[in-house]
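Remarks on the structure that follows.
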Amino acid sequence: MPFESPFSESTDKMTKALRSTRVLTSAGLGPACVLVDGERIADVCAWDALPPGVDRVDFGDAVLLPGMVDTHVHINEPGRTEWEGFDTATQAAAVGGVTTLVDMPLNCIPETVDVPSLEEKRKAAQGKAWVDWAAWGGIVRGNADAIERMARAGLPGFKCFLIHSGIDGFAWVDEADLRLALAKLRETGLPLLAHAEIADPVDAATNRLNQAGADWRKYSTYLASRPDAAEVDAIALLIRLAEEFRTPIHIVHLSSTKALPSLALARDRGVPISVETCAHYLCFASEEIPDGATEFKCAPPVRDAANREALWNALDSGLIEMVTTDHSPCLPQMKRREEGRWDQGWGGISSLGLALPAMWTAMQRRGLKLERIGEWMAAAPARLAGFAGRKGAILPGADADFAVFDPDAKWTVTSPDLHFRHKLSPYLGAELHGRVIATWLRGEPVFSDGDFAGVARGREMVRS
Ligand SMILES: [Zn+2]
């Protein structure tokens, strides 16, 4: 399904020429000049092929990347705006070079599970979005009949949980519910995103730990309570259903690499199944997480260093296609940092705006080239949400969205560097390589040299 063009058509006049010695295009990283006509990229030409009479913006040797696309963000507005809202989330995105984000349907009130709740979200976003955004719809027990109407209302796809979501109003689904939903989804062609853990292995492990009097301040206890089997079993079910229904299913935030062999076999058979992991699974390891440090709590959990390296290998080989943040904040007191009990603190890591330098820092240690970021954090997530051609790549016809990145900057993350609502993040104190100098949204800067530029002009990406 193509996207509507909600903006006015721009004039013939070539308005701007952005150039750098390092522009990321389909040809790789090299000198180029990007011609911007109004809100869109008109052409990509040689570095010295500046047409006459254009405004020239020269970024020197700074890297011109496509605006990053983060398809896994919990904005929480309306309803839990005190956790996070459109203004703070999208400002954090802009500072981090993210020009498009897609909101998860569960933490807002009402949850985005029908058309009226989507309309409330649209109202809540009015005038507050600094970058472009879209909303995933929710699939919960009993709402299969709303899927078609939500699809017609312009959502790019749907998200479900196979285990308790942490939000009582967002009921998890079992195989019978999934079958009802997939039959409807197949008609729309839209993807189903799934939180791939099932409850039985988690419940059994948790009971065993409680009976043994486990110490819930220890990270090792939390890790043991969310065993690999919860992911492996959930993914086996999702592969089976994607194969049977021949409709796309996307595994969000894969942590366990024990599920990779079955995913590889499914991909070889042509099963329409895609996979993301998150920056925190690639940057952290369970051995390094202090006991009681619940700012690291997320589900599925961060696993050990060997698992982390296997995730990198799967990303490098293309089996894992993309990297998102799963930015999922809450009120700071809900992390229960003082008690430090992993069973009581809210699960969710705050990281919006940090993924680009965090990934680049970790990539350099592994000898991976910066150009890989474009596929992992822009082009592949843009395809998942159906935004290919408009978002996630520097090419003619796409929105003129850019992240201007200095890959050589070195800095330490402090509280003032965080622009999301609550400054609690496992990345605080991290020493990172690379920093976003400027972010452009549809032909104009929204962030430049440490300041926001203009007004909040982010728009919803709506499927027609
Ligand atoms: Zn999430």
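The values are calculated or read from the model by the stated rules, or taken from the named source; none is laboratory data. Just so we're clear, the structure is a prediction, and the values are computed from it rather than from any experiment. Note: ideal-geometry Cβ built from the backbone for every residue, glycine included; neighbour counts use all protein chains shown. To get the accessible areas, we keep the full protein, side chains included, count just its heavy atoms, and leave off ligands, DNA and RNA. Shrake-Rupley method; radii C 1.70, N 1.55, O 1.52, S 1.80 Å.
Among all residues of segment 188-197, there is none that is acidic (Asp, Glu), over 20 Å from Asn143 (Cβ atoms) and away from the ligand (no atom under 16 Å from the Cβ). Of the residues making up segment 357-391, those that are in contact with a strand residue (DSSP E or B) (Cβ under 6 Å, 6 or more places away or on another chain), surrounded by fewer than 24 Cβ atoms within 10 Å (Cβ to Cβ) and of a type in the set (D, E, K, R) are Glu371, Arg390. Does Gly166 fit the bill of being modelled with pLDDT under 95 and closer than 23 Å to Ala134 by Cα? Against the criterion (modelled with pLDDT under 95 and closer than 23 Å to Ala134 by Cα), Gly166 qualifies. The set of residues in segment 266-311 being of a type in the set (Phe, Trp, Tyr) and out of contact with any helix residue (DSSP H, G or I) (no Cβ under 6 Å at 6 or more places or on another chain) consists of Phe284, Phe296. If we scan segment 423-433, do we find a residue that is touching a Gly at 6+ places or on another chain (Cβ under 6 Å), surrounded by 16 or more Cβ atoms within 10 Å (Cβ to Cβ) and not hydroxyl-bearing (Ser, Thr, Tyr)? No; the residues of segment 423-433 include none that is touching a Gly at 6+ places or on another chain (Cβ under 6 Å), surrounded by 16 or more Cβ atoms within 10 Å (Cβ to Cβ) and not hydroxyl-bearing (Ser, Thr, Tyr). Taking Ala259 as the residue in question, decide whether it is surrounded by fewer than 23 Cβ atoms within 10 Å (Cβ to Cβ) and more than 16 Å from the ligand (Cβ to nearest atom). Answer is no for this residue. Quick check on my filter: what residues within segment 26-46 are in a loop (DSSP other than H, G, I, E, B) and either within 28 Å of the chain's Cα centre (by Cα) or modelled with pLDDT under 95 (or both)? Listed by number, the residues that qualify are Ser26, Ala27, Gly38, Glu39. You will find that of Pro329, Pro272, Pro290, Pro357, the residue that is within 16 Å of the ligand (Cβ to nearest atom) and not hydroxyl-bearing (Ser, Thr, Tyr) is Pro329 and no other.
Residues that are open to solvent by 10 Å² or more (accessible area, probe 1.4 Å) and away from the ligand (no atom under 16 Å from the Cβ) within segment 336-351 comprise Arg336, Arg337, Glu338, Glu339, Arg341, Asp343, Gln344, listed in sequence order. Do the conditions hold for Gly367, that is, is it at pLDDT 95 or above, within 30 Å of Leu64 (Cα to Cα) and away from the ligand (no atom under 16 Å from the Cβ)? Yes, satisfied. Each residue in segment 79-112 was checked for being more than 16 Å from the ligand (Cβ to nearest atom) and of a type outside the set (S, T, N, Q), and 11 pass.
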